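First comes the structure, then the notes that go with it.
The values are calculated or read from the model by the stated rules, or taken from the named source; none is laboratory data. As the structure is a computational prediction, the values presented were derived from the model and not from experiment. Glycine also receives a Cβ, built like all others from the backbone with ideal geometry; neighbour counts cover every protein chain displayed.
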Ligand SMILES: [Fe+2]
Ligand SMILES: [Fe+2]
């Protein structure tokens, strides 16, 4: 948010205006407020937000939502809304010299989200638990639904407002932003909600000392999570270095892995697969040919026909790739995808000769992306194929080599018009003969 557009400024100003109105309303409604305890919870929430762990694909996970959700139930909406303001400024924003508009938006968004979900909690029968014996077998059946509704409204308001400001900034659809940035976080959020129930109980029954007791396991959990993320990125770094080493062996396939990953991802998005699936497909795309690392340079660079022995060696690469990847815990989902990426739907492929749906879906997606990139990249023994002609090849091989449904999605994802663009090829307006020699390009 370094340079804000007029629309973004208007959006931030409107959010701030609504937040001020809400705070005034909550003050006038005489909800509970104790400034000393507010400072304690505010600092706790600030610390939780600033100790958040940054995720490799952007964004971060912090337990500040746990503190905020707990304050709604313990102290009510005014206290909770004011606590959330402590999260407005994070150390990262200061370090990156982010615009103060970002702080204003964060603070206002926190007030609206927390204040409104607190009001919803009370409106559906929730009770403020300060000076009570906390959650017990008698009140849990009455409080569970209000707590769940409060947590759901908090989640929806928070993610909707954040998606809206991103969408205004990027001039894109807020629903698209929400889908790609938020869906994956739902399980995390569920865990944070359970933690907030624990925090409510500890504070109401033990008091401030209980909060300190709770912070220690949270810090240990944070440390463990951070180590896990570092290990994961170290493994990914190693495997990516292997891909770079493989591509350095054969300059003609340079960039192939990344292009296949991008094409496969496009197909996955066109098929409306979820973010976890897209992530798996992307990783499988980058690593699908990693098994070629053990194949000699002379075979990889051979411009002519391979001998039977060389061809057999080449056919082993999906198996070798799966063997490399199965040693890595984080890669277990992509092992079968890599293993089967040269299967053909008529059963004539390798390694297992699987047919149709027996072949994992992501492997069928990779097969289309892999073949398209292989055909449209130049080789020492032939020029690069025109993309439309390559599409025609994919269509011709649908039902034998490729899954026809996936080829359809691919053509749509690439923005080709089957009737207009590829129709020209089908009607012979492009010369196919020069490409006949590359029919079996996907070796
Ligand atoms: Fe391959
Ligand atoms: Fe490949």
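At-a-glance table
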item	result
Wholly within region 293-364, helices (runs of 4 or more DSSP H) carrying at least 3 residues that are within 26 Å of the chain's Cα centre (by Cα)	317-326, 335-339
Long-range neighbours under 6 Å by Cβ, at least six apart or interchain, first residue farther than 12 Å from residue 289 by Cβ and assigned by TED's automatic domain parsing to the domain that holds residue 367 within region 250-264, second away from ligand 1 (no atom under 12 Å from the Cβ) and outside any helix (DSSP H, G or I)	252/379
Selection within region 260-317 - modelled with pLDDT under 85 and under 15 Å from residue 335 (Cα atoms)	none
Hey, residue 289 more than 16 Å from ligand 1 (Cβ to nearest atom) and assigned by TED's automatic domain parsing to the domain that holds residue 243 or not	no
Number of positions in region 178-188 that are touching a helix residue (DSSP H, G or I) at 6+ places or on another chain (Cβ under 7 Å) and either modelled with pLDDT under 80 or outside the structural domain of residue 148 (by TED's automatic domain parsing) (or both)	5
Selection from region 260-274 of residues that are in a helix (DSSP H, G or I) and surrounded by fewer than 19 Cβ atoms within 10 Å (Cβ to Cβ)	262, 269, 270
Residue list for region 244-259, restricted to those being assigned to a helix (DSSP H, G or I) and modelled with pLDDT under 85	244, 245, 246, 247, 248, 249, 251, 252, 253
All positions within region 341-358 that are away from ligand 2 (no atom under 16 Å from the Cβ) and farther than 15 Å from residue 322 by Cα	345, 346, 347, 348, 353, 354, 355, 356, 357, 358
Answer residue from region 375-391, given it is more than 19 Å from residue 270 (Cβ to Cβ) and buried (at least 21 other Cβ atoms within 10 Å of the Cβ) and is farthest from ligand 2 (Cβ to nearest atom) among those	385
Hey, residue 283 free of Cβ contacts under 8 Å to residues at least 24 places away in the same chain and within 16 Å of ligand 1 (Cβ to nearest atom) or not	no
Helices (runs of 4 or more DSSP H) contained in region 14-88 and holding at least 1 residues at pLDDT below 90, over 15 Å from residue 106 (Cβ atoms) and under 30 Å from the mean Cα position of the chain (by Cα)	35-50, 64-75
Qualifying residue in region 209-231 (condition: more than 29 Å from residue 74 (Cβ to Cβ) and within 16 Å of ligand 2 (Cβ to nearest atom))	no
Subset of region 365-397 [within 14 Å of ligand 1 (Cβ to nearest atom) and assigned to a loop (DSSP other than H, G, I, E, B)]	377
